[in-house]
1. Read through the list (1) within 14 Å of chain D (Cβ to nearest Cβ); (2) touching a helix residue (DSSP H, G or I) at 6+ places or on another chain (Cβ under 7 Å), then give the number of the only condition that C:T78 fails.
2. How do the pairs read when you match residues in the stretch B:35-46 that are under 11 Å from B:M1 (Cβ atoms) with residues anywhere that are surrounded by fewer than 17 Cβ atoms within 10 Å (Cβ to Cβ) and hydroxyl-bearing (S, T, Y), using Cβ under 9 Å and keeping only pairs 6 or more apart or on different chains?
3. Output the number of the condition that B:A90 fails; it satisfies all remaining conditions of (1) under 20 Å from B:D11 (Cβ atoms); (2) surrounded by 15 or more Cβ atoms within 10 Å (Cβ to Cβ).
4. Hey, among D:F17, D:F60, D:F108, which residue is touching a residue at least 60 places away in the same chain (Cβ under 8 Å), more than 14 Å from chain C (Cβ to nearest Cβ) and hydrophobic (A, V, I, L, M, F, W, C)?
5. For the stretch D:1-14, name all the residues that are touching a residue at least 24 places away in the same chain (Cβ under 8 Å) and near DNA strand F (Cβ under 10 Å from one of its atoms).
6. Which residue pairs have Cβ atoms closer than 6 Å, lie 6 or more positions apart in sequence or on different chains, and pair a first residue in the stretch A:147-169 that is more than 7 Å from every other protein chain (Cβ to nearest Cβ) with a second residue that is of a type in the set (V, I, T) and buried (at least 20 other Cβ atoms within 10 Å of the Cβ)?
7. Hand me the list of helices (runs of 4 or more DSSP H) wholly inside the stretch C:96-206 holding 1 or more residues that are surrounded by fewer than 16 Cβ atoms within 10 Å (Cβ to Cβ) and at pLDDT below 95.
8. All but one of (1) over 15 Å from the mean Cα position of the chain (by Cα); (2) in a helix (DSSP H, G or I); (3) touching a residue at least 12 places away in the same chain (Cβ under 8 Å) hold for A:A84; which doesn't?
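The values are calculated or read from the model by the stated rules, or taken from the named source; none is laboratory data. What you see is a predicted model; the values in this text were computed from it and never measured. Positions of Cβ are backbone-derived with ideal geometry, glycine not excepted, and every protein chain shown enters the neighbour counts.
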There are 4 protein chains.
Amino acid sequence: MREETRRDIIDAAFDCFATNGYHDTSIADIATRLGIGHGTFYRYFQNKRDIIDHVVDDLFGRVLEALATDNAPAAAETLDDYRAQVGRIADGLTGILYSDPRIPRFLFTGTVGVDAELNKRMFSVLDSANALTAGYLEHGIERGYLRADLDVDHTAQAVMGMLLAGVIACARDAGDRGSADDSGPPEQQRELSIAIQRLMFDGIAR
Amino acid sequence: MREETRRDIIDAAFDCFATNGYHDTSIADIATRLGIGHGTFYRYFQNKRDIIDHVVDDLFGRVLEALATDNAPAAAETLDDYRAQVGRIADGLTGILYSDPRIPRFLFTGTVGVDAELNKRMFSVLDSANALTAGYLEHGIERGYLRADLDVDHTAQAVMGMLLAGVIACARDAGDRGSADDSGPPEQQRELSIAIQRLMFDGIAR
Amino acid sequence: MREETRRDIIDAAFDCFATNGYHDTSIADIATRLGIGHGTFYRYFQNKRDIIDHVVDDLFGRVLEALATDNAPAAAETLDDYRAQVGRIADGLTGILYSDPRIPRFLFTGTVGVDAELNKRMFSVLDSANALTAGYLEHGIERGYLRADLDVDHTAQAVMGMLLAGVIACARDAGDRGSADDSGPPEQQRELSIAIQRLMFDGIAR
Amino acid sequence: MREETRRDIIDAAFDCFATNGYHDTSIADIATRLGIGHGTFYRYFQNKRDIIDHVVDDLFGRVLEALATDNAPAAAETLDDYRAQVGRIADGLTGILYSDPRIPRFLFTGTVGVDAELNKRMFSVLDSANALTAGYLEHGIERGYLRADLDVDHTAQAVMGMLLAGVIACARDAGDRGSADDSGPPEQQRELSIAIQRLMFDGIAR
DNA sequence: CATGAATGAGCCTTCATTCAT
DNA sequence: TATGAATGAAGGCTCATTCAT
């Protein structure tokens with residue numbers, strides 16, 4: 001039960017799921033990619049359904065870590081601070097999504113449509129993200145640099161939706177670019193990021 | 001080849017896919033739900049992969065029709081016009097999504113993770129929606145009621161993302177409420193709709 | 001129950017079986033080729049197994065008729081008579097096989113490997129042919145122009161084998177030539193015919 | 001992937017095909033006869049179509065080996081030599097066909113009517129046999145003990161036809177005798193063999 | 001009489017999972 | 001501990017046959 005093998009299996013599974021989706025990936029695929037016997041898989045994971053949870057765990061862990069690294073968790077005290085903070089988070093996410101194109105692809109083909117259970121979990125993650133965002137907004141209201149009548153919960157939901165649009169765009173681009181790691185400059189992503197920020201802070205009206 | 005049977009199969013398939021997802025729905029499931037022999041299915045559709053396309057066709061047809069009904073295609077000439085128009089579209093979508101909770105669920109479990117082909121198709125639909133939205137924004141700039149320096153394409157993408165957030169929320173709610181047609185008042189959805197509009201037109205800053 | 005329809009079905013079945021074989025021909029194929037509903041088939045024949053018997057009946061009827069036409073059934077009284085008779089029979093068979101390339105093909109793909117029952121029947125037809133040939137030989141011995149110590153039964157079997165070689169060659173050629181009726185000159189067939197006769201009457205030794 | 005299992009499957013398939021024919025044999029039949037799960041079949045062979053090729057390979061291998069054992073490949077130098085050689089080959093074939101009655105049955109029900117592809121292959125085998133026979137005849141002409149004006153190709157075809165008659169007779173007898181290995185004395189076969197030889201070397205005329 | 005919609009038995013094939021080595 | 005041979009549940013799909021219209 002070498003811990004390294006466990007990691008390798010998670011990585012291989014992540015790769016397979018991102019490339020072919022959960023349902024079109026067989027245990028044999030994962031084992032073959034790793035060069036191990038497919039019986040070995042079952043020494044590390046209960047069953048096929050089991051691994052996806054661990055892949056998701058692992059992915060979220062990596063994403064959160066990456067976000068935490070780039071982002072001071074310090075709360076913004078002014079609108080400009082917040083604006084900058086949002087920019088940093090957006091850039092951070094962009095960086096993560098583009099550092100490994102398999103991430104957005106996996107979120108699609110490896111996460112959605114697998115299971116009612118997993119759906120629930122993903123919804124719950126989204127809830128957390130919403131709550132986090134709502135917290136930021138709440139903080140902004142308290143500090144006085146955001147509109148007092150802001151519906152924080154639903155506004156947070158809307159903001160997260162814009163981020164999702166980014167993830168989806170990445171997933172599509174990743175699909176177009178194939179699975180290779182050739183990082184085309186994330187120009188599109190950056191522009192979307194800017195558009196989101198302007199929408200939030202400047203509105204669209206003249 | 002009664003056209004009615006064809007419709008029934010599409011409906012039953014829609015129902016099954018929305019409830020259990022594409023991969024956990026067998027042809028026998030669809031046939032059983034309809035009370036027909038499973039061989040009959042193959043008199044109307046080529047194979048399992050074939051029906052999903054028709055279900056998607058049908059769904060999009062219904063959605064577009066519903067949207068068209070509620071919405072004057074007339075272009076907005078003032079910001080208030082546009083604001084109202086956005087409100088109508090949002091309400092329209094809300095109404096559709098809540099009229100049949102299977103719709104958002106199907107978009108998830110019956111559409112994502114099926115196929116590279118279908119993914120491509122869904123992306124392409126998203127593209128169209130983006131382009132449509134961008135067109136509205138473009139028009140607004142020309143008419144002078146929207147910021148001239150708006151990045152229409154990416155802003156459209158962001159706006160569509162917010163709508164997606166609504167779809168996702170619906171899908172989750174539908175899951176919680178089961179597949180029955182008990183229309184809990186779409187209070188949440190209405191509030192999200194308002195939050196999106198305020199975000200677009202008023203921004204979040206004080 | 002028009003008799004003509006019955007004939008048409010037999011013809012269409014013959015065509016399908018010759019082209020695609022018994023197992024790769026569906027009732028729908030036969031009906032479609034004829035432009036009738038495939039339910040109609042069952043008004044004329046019990047089931048799929050039933051039709052093959054009628055096709056075989058029909059085919060043998062046609063072959064025997066053709067042979068009878070070309071051949072005086074009169075018994076040969078001299079070796080030269082017999083030689084000529086054998087030649088006529090051989091030419092007759094050649095003509096039949098080449099008049100419709102589907103015949104040898106059908107004997108293969110529509111007759112062998114269908115059924116234990118049909119195998120038995122074909123064997124029985126072969127028996128009759130053997131017996132007929134043996135009768136000719138017997139007659140020749142009685143008349144004194146054939147060797148008295150001839151094993152008529154097995155010699156007849158051997159002679160029939162040579163004819164079978166011709167049928168097989170035809171079947172292969174027919175396959176090569178496609179199903180069209182382009183009668184390449186049956187040069188090969190004529191030469192085989194001659195070789196058989198020389199083998200019978202002159203032997204191979206110098 | 002025990003090689004023995006592979007052999008067992010080939011044998012079982014051979015048995016089933018010989019008894020019931022290709023189309024009336026299911027993978028489950030083969031597996032059941034062997035007492036293995038039917039999934040196991042697919043660990044050793046691609047699909048149902050795949051196995052028939054291997055069965056044919058195996059059968060031809062065995063036949064050729066048996067023929068080679070009994071037969072000096074040395075060329076005949078005199079007519080008597082050749083006569084003896086033909087006798088040995090005929091006896092060899094007889095022995096093979098009767099050593100396992102499933103062989104002639106398989107050649108019928110397991111080989112004909114399966115596939116255009118397999119038909120082609122069988123024709124090609126027949127070609128080789130014809131060519132081999134023609135070679136012997138050619139050699140006889142060169143050595144001077146066969147008629148110089150012999151049409152070697154078509155004569156070879158005719159000779160092969162007589163052998164086929166033997167195969168067919170065997171197949172029928174095997175069917176009558178059931179699939180058991182009770183070797184009724186191949187009296188019939190021997191007599192056919194003699195009749196063929198006399199036909200070739202002595203002709204039928206007095 | 002003709003039709004073709006409906007049916008379900010039956011078969012091929014995949015693949016997650018187990019377990020003896 | 002690692003392996004991969006074996007397994008059989010499960011599901012997609014075909015097509016001969018029936019029968020209401």
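1. For C:T78, the failing item is (2).
2. Listed pairs, sorted by first residue: B:T40/B:T5; B:R43/B:T5; B:Y44/B:T5.
3. (1)
4. Within the list D:F17, D:F60, D:F108, the selection yields D:F60.
5. Within the stretch D:1-14, D:M1, D:T5, D:R6, D:D8, D:I9 meet the criteria.
6. The qualifying pairs are A:A156/A:T133; A:V159/A:T133.
7. Fully inside the stretch C:96-206 and qualifying: C:116-143, C:152-177, C:187-202.
8. All conditions are met except number (3).
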